[in-house]
Amino acid sequence: MNKNAKLPETEEGTVLFNVDPIMLKYHYEIDYLHSYAQDSPFFAGLAQKKLLGSHCPACETTYATPRSHCMDCGGATHWTELPQCGRVHTFTTCHFGGEAFLKETPFTLILVEFDGAETLFLSRLLGADPDEVRIGMEVQARFVRNSKFLATDVYFVPA
Amino acid sequence: MRPVYMITGGITKFTKANPEKDFRLMVKEAFDYALADVPGLGREDIDGSVCSYFSDHFTRQLKAGAMVQDYLGLCPKPSRRVEGGGATGGLGFQSAWEAVASGRMECCLAMGFETMSRVNTWKGNEFIALASDTNFDYPVGGFYTGYYAMMVRRHMHEFGTTVEQMAKVAVKNHANALHNPYAQSPARLSVGDVRSSPMVSTPLTILDCCQMSDGAAVAILASEETVKRLGVRPVRVSGLGCGTDAMRMADRPHGKVPLLPHEDEADYAQLKYPGVHSFRGGRSAAAQAYAMAGIRNPAQDLDFVELHDAYTSSEIQTYEDLGLCRYGEGGAFVDAGAPFLANLDYGLDFSGMERFARIPVNPSGGLLACGHPVGATGLMQAVFAFWQLQGSIQKHLGDGTLQLPEPRRGLIHSHAGTGTYITVSILEAE
C-alpha cells in the first residue's frame, strides 16, 4: 500500500472552447472498414468502365441503381449492363454541402434516367453551367481512369 | 385497442445552441412543464417512456435515452429508444400510443430531444446525409438540401410550381412564429427576402430550409381511466398512420396514386407516381390515419395541420400527399392563401379561396421557423396541436394570436429522409 500514490501527469493541454459552461473542443476520427458486400460487382464494374444495374427476371424490372434482390417480388436479381447514355431526370447545383464535400462546391447533382430501366441513378454532371442544365437533356457516362472504388468513379457530361 | 388521450405536453425554447443545458436537462425542463400543467399528475403516474432522438453522432453518447430516463427519476420503469430519421418524434409519439392502446401502460411519456450545436453546421449536414445510402448516395455529394432540390425541380417540371410559391411558405411560417416564443427564428419576410438570401442548392435558398437546433419536447399519453382520475381536459388520438419508401429516391418505381376517399382515379390519369416529386409514404400514412379517424375530405374535416416543413418545397409536396389539395395543386393552394391564418397580415396578395378550403398549415411556424431538433420535432408538433385543441395557446405562448377559434380536429405529420418514414396522427378535442 502506498498512501502517496500519484497519477502520472502529462504536458498535453486541453482545448477549452468556452469557460461558462465549460466546453472542450477535440478531434474525432476513425478508420472504418466499409464492405460493399453484395454491391461489390458494381464498383468492380466502374473500374472496367461499365455501368451495372440489376434485372429481376420474374418481374422484368431493371433497376438503374443496383439491388441484389427485387423490391417487388423479393427474388434474386442478376447483373445487367446499362447503356452509358441517358437523360437528366432532375438536377440541382449545390453551393453548400456536407463538410466532406464543401471544398468541391459548387457541383451539380443529377438523377439519370436510362431507356429500358425503371429506376434512376444519382451522379454528378460536369461540363455544363448550372443555367445550361435542363430536364431531359442527354448525358453520357465517363469514368475516372484511376478508380477509387467509389460511386463517383462514374460521372456524366453533356452528350 | 382502447382509446388513448394526450393529457399534457411541454417543450423547451428551440435555439441554435444551448450549451448551458445538456439533453437530459432539456428533456427534464419540458417534462416538468408538462407535469406542472396537470394538477395531480406526478412522476408516480408515469408507467414508462419512449425516448426519441435521431443521431448518436450529434450527442457522441450512445444510449443517451437511458441517461434521460435516469435523470427524470423514472428508473426502473420500462423505456425504449425509437429512431427513424426526421420522423423520430412522430414515431415516438405513435410508440407511446401503442403502449397505452395495448393496455401495457396506463400512462406513457414520449420524450424527444436533439442537441445539434455540438458540431458546425456543415459537419451537421454531413451527419444528416449519412442517413442516405452510404454506398450510392452519400459519396456522390451527400446533402439533403440537394436531394430536396432535385425533388422540387421535378415538381416544378411536372406541375409548374414556382420558387415564389415556395417563398410564400417561408413568409407564412416565419410570420406565424412571431407569435410563438418557443420558435427559433421568427421573422417578417417578403418573397424577395427569401429569393435573395444565399443559394444553398438550386432552387432552394437558405430561407427555404429549416435550421439546426437544440431542443426537447414531451407528450404524455394516457388511458380513459387515467383521464377521469386526473380530471384533465384531454385530446383524443383518433387516427394513426405510418408509411415508408425506398431509402434511395432513385429507386422509386412508377405506379398509380393511392386514392383518398374524396379523390377520383381520373384526377391522375396522366401522373407517373410517386416519381421523385411526391411522397408515397406520406400518402399511405394519411390514408391509414383518415380511415381510422373517419375522415372523408381532409381539407374540410380537419381544422389545422402541423406538418414537417423541413423545406418550403416539402410543405407544398405534403399538402398534396395529405389530400389538402390534389397532386399538382400545391403551388396554387399557397397562392390562394388556403394554408395561411385568417387573422394575420403576411404582406401578400392572395388569389382567393374559390378552389380550396382554408386550412391553416403550421400555425406554430413549423420547422422552418421553430427549428428542427430532430428527435423533438414530431413531439413539438403534438404539443402545439394539443394546446390548439385545448384552447390554451394564450396560456402557454403568452399570446393568443395563433389560437384558432374552437378547433375540433388537427393533424400532425412527421417525415424522414427523402420520404423513408412518415407518420400521420390525428388529434381531436373531446
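The values are calculated or read from the model by the stated rules, or taken from the named source; none is laboratory data. All values reported here derive from a predicted model rather than from experimental measurement. When we count neighbours, we look across all protein chains shown, and the Cβ atoms used for this are built from the backbone with ideal geometry, even at glycine. Heavy atoms of the whole protein, side chains included, go into the accessibility calculation; ligands, DNA and RNA do not. Shrake-Rupley method; radii C 1.70, N 1.55, O 1.52, S 1.80 Å.
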Given (1) open to solvent by less than 60 Å² (accessible area, probe 1.4 Å); (2) part of a helix (DSSP H, G or I); (3) not acidic (Asp, Glu), A:GLN38 misses just (1)
Does B:ILE359 meet the test of being open to solvent by less than 10 Å² (accessible area, probe 1.4 Å) and free of Cβ contacts under 8 Å to residues at least 40 places away in the same chain? no
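What helices (runs of 4 or more DSSP H) completely inside region B:362-430 contain at least 3 residues that are within 16 Å of B:PHE340 (Cα to Cα) and at pLDDT below 95? Break it down stepwise before answering.
Values: elements: B:366-370, B:374-390, B:393-397.
By residue number, no helices (runs of 4 or more DSSP H) qualify.
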Could you tell me which numbered condition B:ALA87 fails, if it satisfies all but one of (1) under 20 Å from B:ALA310 (Cβ atoms); (2) surrounded by fewer than 24 Cβ atoms within 10 Å (Cβ to Cβ)? (2)
Quick one: in region B:25-82, which of the residues that are of a type in the set (S, T, N, Q) and free of Cβ contacts under 8 Å to residues at least 60 places away in the same chain is least open to solvent (accessible area, probe 1.4 Å)? B:GLN69
Can you pull out every residue in region A:122-159 that is open to solvent by 40 Å² or more (accessible area, probe 1.4 Å), within 11 Å of chain B (Cβ to nearest Cβ), closer than 20 Å to A:LYS50 by Cβ and not aromatic (Phe, Trp, Tyr)? A:LYS148, A:LEU150, A:THR152
Based on what the data block shows, is B:ALA167 in a helix (DSSP H, G or I) and more than 9 Å from every other protein chain (Cβ to nearest Cβ)? yes
Among all residue pairs at least 6 apart or on different chains, which show Cβ distances below 6 Å where the first residue, located in region A:89-108, is small (Gly, Ala, Ser) and the second is buried (at least 21 other Cβ atoms within 10 Å of the Cβ) and not in a helix (DSSP H, G or I)? A:GLY97/B:PHE143; A:GLY98/B:GLY142; A:GLY98/B:PHE143
Restricting attention to region B:51-66, does a residue exist that is touching a Lys or Arg at 6+ places or on another chain (Cβ under 9 Å), part of a loop (DSSP other than H, G, I, E, B) and either away from chain A (no Cβ under 14 Å) or hydrophobic (A, V, I, L, M, F, W, C) (or both)? yes
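Looking at region B:247-280, which of the residues that are within 14 Å of chain A (Cβ to nearest Cβ) and under 30 Å from B:ASN176 (Cα atoms) is most open to solvent (accessible area, probe 1.4 Å)?
Of the residues in region B:247-280, the ones within 14 Å of chain A (Cβ to nearest Cβ) are B:247-255, B:272-278, B:280.
Keeping just the survivors that are under 30 Å from B:ASN176 (Cα atoms) gives B:276-278, B:280.
On the way: B:VAL276: 2, B:HIS277: 4, B:SER278: 1, B:ARG280: 77 Å².
Filtering region B:247-280 for residues that are within 14 Å of chain A (Cβ to nearest Cβ) and under 30 Å from B:ASN176 (Cα atoms), the one most open to solvent (accessible area, probe 1.4 Å) comes out as B:ARG280.
For region A:109-121, which positions are at the interface with chain B (Cβ under 9 Å from one of its Cβ atoms), open to solvent by 10 Å² or more (accessible area, probe 1.4 Å) and out of contact with any Pro (no Cβ under 8 Å at 6 or more places or on another chain)?
Pass one, region A:109-121, residues at the interface with chain B (Cβ under 9 Å from one of its Cβ atoms): A:109-112, A:118-121.
Within this subset, residues satisfying the condition of being open to solvent by 10 Å² or more (accessible area, probe 1.4 Å) are A:118, A:120.
Within region A:109-121, A:LEU120 is the sole residue that qualifies.
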Exactly one of these conditions fails for B:ALA338: (1) open to solvent by 10 Å² or more (accessible area, probe 1.4 Å); (2) free of Cβ contacts under 8 Å to residues at least 60 places away in the same chain; (3) part of a loop (DSSP other than H, G, I, E, B). Give me its number. (1)
Among the candidates B:PHE113, B:PHE93, residue that is away from every other protein chain (no Cβ under 14 Å), under 20 Å from the mean Cα position of the chain (by Cα) and part of a helix (DSSP H, G or I): B:PHE93
